[in-house]
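The values are calculated or read from the model by the stated rules, or taken from the named source; none is laboratory data. In this text the structure is predicted, and so the values were computed from the model without any measurement. All Cβ positions, glycine included, derive from the backbone under ideal geometry; neighbour counts span all protein chains shown. For the accessible areas, the whole protein counts, side chains as well, though only heavy atoms, and no ligand, DNA or RNA atoms are used. Shrake-Rupley method; radii C 1.70, N 1.55, O 1.52, S 1.80 Å.
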Amino acid sequence: MLDVSRVQKELADCNKDKAISGVSIDLHGGDGDLSHLAGTISGPVGTPYEGGTFRIDVRLPSGYPFEPPKMQFVTKVWHPNISSQNGAICLDILKDQWSPALTLKTALLSLQALLSAPEPDDPQDAVVAQQYLRDYPMFVATARYWTETFAKRASVGIEEKVQKLVEMGFPEALVRSTLDSVNGDENMALEKLCSG
Amino acid sequence: MSSAGSVRGTLAPSYFCRDCNRSVTPIPATQLSCPLCHGGLLEDTTIPVPNPNPHAQLFDFIFRFLQDLDLSNLNPERSHDPLLQFVRDHINGSIAGSGSVEISVLIDGVRIGNEPGTHRALPAAQSAVDALPEIVVSESLVSVGGHEAWCSVCRDEVRAGAIATQMPCGHVYHRDCILPWLALRNSCPVCRRELPATGAVGDGNVGQQIAELDGVIG
Ligand SMILES: [Zn+2]
Ligand SMILES: [Zn+2]
Ligand SMILES: [Zn+2]
């Protein structure tokens, strides 16, 4: 059985210093389901991911925290260890190096570290890895372009939009998932929230 | 190229504990107290240095990540611990440059037990689990060191007077918290030190039994 009390503690703990850590995690939907979460990490400074906000889909298996959380990039990202097709991640602490002393926060911080330190020799995406090894400047340019295209547009000013809609009385998790579904368009989100 | 000093300044704020008369690094995310004696008489001795290292922020969060693993609380006598060794070499030691090499090393350090030939995913031997002592948590265990007073599996406090299971490394857990893990791996969740392989041939492992009980595996 999923350790609900631990997960709740983890959520509070992770979001306590999200402004400093650059990672946060919330419920995925408004139905209170603790086994499906939505994480965000900000792209590390000094990397092609700088300035981007990357959404991570987080699913907790019933054996959590004895089994690792299942994490996948929702935001498209160009990185040797992350599938450019479906966001699948190659990171050992999410597999056989998991320990229950690790947390959702440390897992997200590790993803942030992975963005800073690609390991092309152990790739998830062979095409990206090959480019990284053979034409590094092109890799950087592509990764930067993907950050601009996919990790910025929807997230520009997203926090202000969230705050505005929450002040109108909608629950935050619902606001976020709705904004997500309409690519950050505030008016469309409001329409959806009012009609739903 | 930034100096090791400036990197260290960023990574590990240095404080002087008036109680134990030595420089210490407080445990983050708790109220400021000495990690050794829990005294609150701390003096900030961090030298404020402008940090030109573009990766300083990165080092910072990897460092925080490692501290979440409770490395700051590891007993210095445990010099065989590869994680501790790595922290000593790469964080407290001489990170002089600012390239991704160090970052890879930092991350590699977390990847212990990943080399070919090391045992993976082995449950603890039943005899080793049976041999784990159940201790009554004493006041001194709770008040010294911080990390012993905390079960890293459920992230709840382990209070003085409570019964807890103590691993050979000294880390304590609620019995119900550590058993499901030992059914999967024979290591301490915090420091990854392995239980002795006392299981002789024919000795069952705790894995099968627990897995049948609550289906943790799978
Ligand atoms: Zn002290
Ligand atoms: Zn516990
Ligand atoms: Zn331990």
Check: Any chance the stretch A:90-106 includes a residue that's within 14 Å of chain B (Cβ to nearest Cβ) and among the aromatic types (Phe, Trp, Tyr)?
Finding: yes
Check: Between a first residue in the stretch A:76-103 that is at positive phi and a second residue that is in a loop (DSSP other than H, G, I, E, B) and open to solvent by 10 Å² or more (accessible area, probe 1.4 Å), which pairs have beta carbons less than 7 Å apart while being 6 or more apart in sequence or on different chains?
Finding: A:87/A:74
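Quick check on the stretch A:137-150. Is at least one of its residues closer than 23 Å to residue A:11 by Cβ and without any contact (Cβ under 8 Å) to a residue 12 or more places away in the chain?
no
Can you give me the ranges of the helices (runs of 4 or more DSSP H) entirely in the stretch B:135-218 with at least 3 residues that are modelled with pLDDT of 80 or more? Steps first, answer last, please.
Numbers: elements: B:139-143, B:175-182, B:206-214.
Helices (runs of 4 or more DSSP H) meeting the threshold: B:175-182.
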Check: Within the stretch B:114-122, is there a residue that is open to solvent by less than 50 Å² (accessible area, probe 1.4 Å) and either modelled with pLDDT under 80 or away from ligand 2 (no atom under 16 Å from the Cβ) (or both)?
Finding: yes
Next item on the list: Please tell me if residue A:23 is crowded, with 20+ Cβ neighbours inside 10 Å and modelled with pLDDT of 95 or more.
Entry: no
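Yes/no per residue for (1) part of a loop (DSSP other than H, G, I, E, B); (2) among the acidic types (Asp, Glu); (3) in the same structural domain as residue A:69 (by TED's automatic domain parsing):
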| position | (1), (2), (3) |
| --- | --- |
| A:10 | no, yes, yes |
| A:13 | no, yes, yes |
| A:20 | no, no, yes |
| A:24 | no, no, yes |
| A:30 | yes, no, yes |
| A:33 | yes, yes, yes |
| A:38 | no, no, yes |
| A:46 | yes, no, yes |
Check: Only one of these conditions is not met by residue A:188: (1) surrounded by 15 or more Cβ atoms within 10 Å (Cβ to Cβ); (2) farther than 23 Å from residue A:11 by Cβ. Which number is it?
Finding: (1)
Notebook entry, point to check: Within the stretch A:165-184, how many residues turn out to be surrounded by 15 or more Cβ atoms within 10 Å (Cβ to Cβ) and of a type in the set (D, E, K, R)?
Noted result: 2
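If you go through the stretch A:4-56, how many residues are within 14 Å of chain B (Cβ to nearest Cβ) and either on the phi > 0 side of the Ramachandran plot or of a type outside the set (S, T, N, Q) (or both)?
Residues of the stretch A:4-56 within 14 Å of chain B (Cβ to nearest Cβ): A:4-24, A:41-51.
Among the residues that remain, those that are also either on the phi > 0 side of the Ramachandran plot or of a type outside the set (S, T, N, Q) (or both) are: A:4, A:6-7, A:9-14, A:16-20, A:22-23, A:41, A:43-46, A:48-51.
Selection size over the stretch A:4-56: 25.
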